[in-house]
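What follows is a single structure, written as structure tokens, with notes after it.
FYI, it's all coordinate maths here, none of it is from the lab. All values reported here derive from a predicted model rather than from experimental measurement. Neighbour counts run over all protein chains shown; Cβ positions are idealised from the backbone, glycine included.
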Amino acid sequence: MSAGTLGPEAEASVRAGYTSISSGTMHQLAAAIAAEAFTVPRRDVRAGIGDEQGQLSVSLALPLAFQLGPHGPTGSKAGHDGGTVFERAARARSVVADRIEELSGASVARVDIRFTGIHHGKNTAAGRVG
């Protein structure tokens, strides 16, 4: 899987060769970004990458971060404003697509999310994708 091309001005200063991103790397990248966006441990995230008419199709399966606070349920970073599960997923979906595009240069057509359970507590294993 390769991503993007450089403009003519950038190509003049770049050495000959090519860069490609393996499908396994794209799976891991998507999973790491999703873990951060949803504030869940990376080990709990499964990611799939497919082709959607020349763009990436991302499929995620992960738990929903959820804490029961003193005033009822609270969301995590992905849903810091609260909202329904669907609203929280929509905000995180946008973050995931934007970060994949930013880091890989590949265009993302869709991000499908399937919640597989509930993650209680703080995330200590997500790490930072940068």
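With a simple spin-label model that places each label point 7 Å from the Cα along the Cα-to-Cβ direction, the separation between A90 and H27 comes to 3.2 nm. Charged neighbours of V45, selected by a Cβ distance under 12 Å, balance to +2 (K, R count +1; D, E count -1). Taking 7 Å steps out from each Cα toward its Cβ at L103 and Y18 produces label points 2.4 nm apart.
The amide H of L64, built 1.01 Å from its N in the peptide plane, has T116, G117, I118, H119 as neighbours under 5 Å, considering only residues 5 or more places off or on other chains.
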